[in-house]
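Here, each number is a calculation from the coordinates, and none is a lab measurement. Because the structure is a prediction, the values reported are computed rather than measured. Quick reminder, even Gly has a Cβ in these numbers, built from the backbone with ideal geometry, and neighbours come from all protein chains shown.
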């Protein structure tokens, strides 16, 4: 008791004197933010939505778009772009308008539709897409096809009346709907204005489409029509006296080759015509309908027409004679917003819908319902190919389960067209497995849209499933108007989550992995997540920044795991992006995002980004930790806190030493903190940890770019921050904490500013900067410098910080620190002079860092390639 009082009496004068000279402050360098958003506008300054289309003429070199990189304060406004190869035949290049910061000229190279994926160069996960239609006044090609959508060319055989179709590309080059069908040999076959071919006799003829483009050029497409297998010239015959119809009359008036055709009456005013051609029997049924000689009606009309697909006509005539009626007719559409009709019977589709066409003649009228479908030059799925290139690894993974509207798990996912109005027709197709096995089933949702329910089968695990939607016109798939999306399914049970409640529900199941499919905003101050499975982040952001703590509340961590073995034998955090505050300046009071304790199976952080938090990751007692391809930094205290101790194994009761643990860093980037990026500390200051070796085996593979810039005069504060991470406010608070901070800064200043340590510093703009990467807390315990194996590519150097001078005396105020901390921790006589290990970027021999102090670290493609492949290093 007497000794304890003497210690207090001895310490008090030191506290009083030194408290008067506390001047140290912890300083963190902030850098300008990388881009976080993008907005596209057209040349009229209208915001471009994802399904908007910008039109540019093939000869126009002045059309432009506006690319706004957000926030406005970000220094890098540069972009990169790529062409979505599936989006169409068009080609457009972007060229920055001279003197502008955000205008890019559209330079058309080839007509057709294309889609550009535009990314912020300094953050390629910030992107927007624009669809561009390069228009032209010249027709490139005309394709003929039949009623089943199959392309026809050369010789085409018909067995009766049949409608043919054309596809003019590009359709916008057609001048005034000037496309005409014609027959070269009308004694063989005739063709209507809508392309309906009627065989007249057997033989070979020619059917042609002639189109005029806006440049005045005439284009043709033709086929040889083969009517040698045709049996009947129609399937309906109108007569004024049905009782006079005989087999002979049918043969003479309906059969294409009367002498080679047999006729049989089969009832219900229907006749069967049979002909043998090249040994094959061909039949055709013809129905006879009685009407008056004056009866009239539609002789060539259509039930379905398409916008932007050429001209359509309705033809009126006398039914018995077949003679066209060309005057005295009026036409009317029930809805001109869907379809209009000219005075000459040309049908002009406007938009999707159903209209009634009314035709009036001689005071009488007839009506016909016509369906209008659209033929867009492009459309968008609810998710586009660019949405599958996310995160550092630029890919997107999927689980095999979702939550349905009742909160139950389902393997069915509904997918469809963006802003679907059911205005056009598409055909869905899906890829199969390597051996042709079915991976999913598709079923229409039945909700009046083109959406489908995709049910993922067991065979889809570990597979890539590509779903493709192709535009269909007249049963013909339009190959250059399609969109696809690929689902990369992981091979273990996993649930796709879109919000905090779903994420928490999956964690509570404890037997399924979590796959983020959306940014998730945490605003529940009462709860965190206990993990027994992995999280696949897909580059989406887990955002804690909107969480406001009530008075007295203290959320220590968000994701937590300890003790038990995770499913699959590994706890994996992959491609997660976690933020705790709107900015680094506001991050000091936020939670630790990830807290891990005593896990014996491997724990891996792969391609993660954790920023604007008080302490990114706190990992204590992990046996095997792997950190690969991550960007960690702009965290207030540190990005990684690693704690170790020598303990008894709670499973087998045997001693387990910190030196048996392993930490692997492979190709990572570390950014700003107040202290070193990575801190190795004892798990607690107690008698069992004092003067023990608590250093795990640490391996640095590949590069370890560290841009944790600290000015020389402030490096001492970084050391203090590292120490105070260990000594919590409940142990040391108020003036005593400030005092210890100042004393430690002075000690660190004496140690660091020795001439042999000058290679720690990089000279830039008249100042000297260090970039502290790792700090290994010795002081009250022992370090093992040889436990660190660092690759040459990492370009690091080790500095052993000795706190005893050449005479074995504590440097500076270290002896006073021992007394103060020992007093408050009730550990009198504690030794705080064991060496510490400081690992920092090496700037000897004039080495230049790629990123200078004060500059942001761009999340560009080059960095992502290095993080995922290990290629490349800093500039020598």
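Test of understanding: what is the full-extension gain from residue 55 to residue 214, defined as 0.36 nm times their sequence separation minus their Cα-Cα distance?
Working: separation 159, 0.36 × 159 = 57.24 nm, distance 1.66 nm.
In short, 55.6 nm is gained.
What is the angle, in °, between the Cα long axis of helix 734-752 and the longest principal axis of the Cα atoms in the chain? Nearest 10 is fine, range 0 to 90.
90
Please report Rg over Rh for region 37-135, where both radii come from the alpha carbon positions and Rh follows the Kirkwood definition. Before the final figure, lay out each step's value.
On the way: Rg = 12.7 Å, Rh = 13.4 Å.
Reported Rg/Rh (Cα atoms, Kirkwood Rh): 0.94.
Suppose the chain between residue 354 and residue 759 were pulled fully straight at 0.36 nm per residue; how much longer would it get relative to their current alpha carbon spacing? If you can, show how the numbers build up before the last one.
Values: separation 405, 0.36 × 405 = 145.80 nm, distance 7.87 nm.
Computed gain between residue 354 and residue 759 is 137.9 nm.
How high is the FRET efficiency from residue 80 to residue 767, r the C-beta distance, R0 51 Å, rounded to 0.05?
Details: r = 33 Å, r/R0 = 0.64.
Taking R0 as 51 Å, the efficiency between residue 80 and residue 767 is 0.95.
Report, in deg cm²/dmol and to the nearest 500, the calculated mean residue ellipticity at 222 nm for the chain, where each DSSP H run with n ≥ 4 adds -39500 (n - 2.57) and the sum is divided by the residue count. Can you show the working numbers first?
Working: 7 runs with 86 residues, N = 876.
Result for the chain, helices only: -3000 deg cm²/dmol.
Express as a percent, rounded to the nearest 5, the fraction of DSSP beta bridges in the chain (both residues included) that run antiparallel. Before the final figure, lay out the partial values.
Values: 142 of 231 bridges.
Bridges in the chain that DSSP calls antiparallel: roughly 60 percent.
Would you give the gap between the C-alpha center of region 360-416 and the C-alpha center of region 758-794, rounded to a whole Å?
Here the answer is 55 Å between Cα centres.
Between region 436-493 and region 559-600, how far is it from one alpha carbon centroid to the other, in angstrom?
So the two Cα centres are separated by 35 Å.
Please give the helix 500-509 orientation as an angle from the longest Cα principal axis of the chain, in degrees from 0 to 90, rounded to the nearest 10.
Around 80 degrees separate the two axes.
Say R0 is 45 Å: what FRET efficiency, to the nearest 0.05, do residue 466 and residue 336 get from their beta-carbon distance? Could the numbers behind the result be given before it?
On the way: r = 41 Å, r/R0 = 0.92.
Rounded to the nearest 0.05, the efficiency is 0.60.
Relative contact order, percent, of region 616-691 when contacts are C-alpha pairs under 8 Å separated by at least 6 residues? Don't jump to the answer; show the numbers that get you there.
Numbers: 140 pairs, mean separation 31.4, N = 76.
About 41 percent, as a whole number.
Given points 7 Å out from each Cα along the Cα-Cβ axis, report the residue 711 to residue 369 separation in nanometres with one decimal.
Using points 7 Å along Cα→Cβ, the separation is 8.0 nm.
So what is the relative contact order of region 455-529, in percent, for Cα pairs below 8 Å that sit 6 or more residues apart?
Details: 93 pairs, mean separation 18.5, N = 75.
After rounding, I find 25 percent.
What distance in nm lies between label points placed 7 Å from Cα along the C-beta direction at residue 148 and residue 449?
The two pseudo-label positions are separated by 3.4 nm.
Going by how many other Cβ atoms sit within 10 Å of their own, how do 220, 620, 513 line up, fewest first? If you can, show how the numbers build up before the last one.
On the way: 220 10, 620 19, 513 25.
Listing 220, 620, 513 from fewest to most nearby Cβ atoms yields 220, 620, 513.
Under 13 Å from the 7 Å Cα→Cβ point of residue 224, by amide nitrogen: which residues of region 171-203?
Answer for this model: 203.
With just the Cα atoms defining each centre, how far is region 649-720 from region 145-171? Give it in Å.
About 73 Å separates the Cα centre of region 649-720 from the one of region 145-171.
Once fully extended, how much extra length lies between residue 248 and residue 289, figured as 0.36 nm per residue of separation less the alpha-carbon to alpha-carbon distance?
Working: separation 41, 0.36 × 41 = 14.76 nm, distance 1.70 nm.
Extra length available between residue 248 and residue 289 comes to 13.1 nm.
Rounded if a/c is under 1.5, else prolate if a/b beats b/c, else oblate: with a ≥ b ≥ c from the C-alpha gyration tensor eigenvalues square-rooted, which is region 480-628?
On the way: a/c = 1.68, a/b = 1.18, b/c = 1.42.
Since a/c reaches 1.5 but b/c is at least a/b, the shape of region 480-628 is classed as oblate.
What spacing in nm lies between the two simple spin-label points modelled at residue 100 and residue 567, each 7 Å away from Cα in the Cβ direction?
That separation, rounded to one decimal, is 5.2 nm.
Order by neighbour count: 83, 375, fewest other Cβ atoms within 10 Å first, most last.
Working: 83 16, 375 22.
Listing 83, 375 from fewest to most nearby Cβ atoms yields 83, 375.
So if R0 is 45 Å, what FRET efficiency would residue 346 and residue 441 give, r being the distance between their Cβ atoms, rounded to the nearest 0.05? Write down the numbers at each step before the final one.
Numbers: r = 44 Å, r/R0 = 0.98.
Result of the calculation: an efficiency of 0.55.
Neighbouring Cβ atoms within 10 Å as the yardstick, rank 680, 559 fewest first. It would help to have the intermediate numbers written out before the result.
Details: 680 28, 559 23.
Taking fewest neighbouring Cβ atoms as first place, the list is 559, 680.
How tilted is helix 2-19 with respect to the longest principal axis of the chain? Cα atoms for both, answer in degrees (0 to 90, nearest 10).
That helix lies at roughly 60 degrees to the long axis.
Mean separation of Cα pairs under 8 Å and 6+ residues apart, divided by the residue count of region 385-489: what relative contact order is that in percent? Don't skip to the end; give the middle numbers.
Details: 180 pairs, mean separation 29.9, N = 105.
Worked out over region 385-489, it gives 28 percent.
I'm spelling it out carefully: the read-out is mean projected area of the Cα convex hull in nm², the candidates are (1) 50.1; (2) 38.1; (3) 33.4, and one was derived from this structure. Which label?
Given (1) 50.1; (2) 38.1; (3) 33.4, the structure-derived one carries the label (1).
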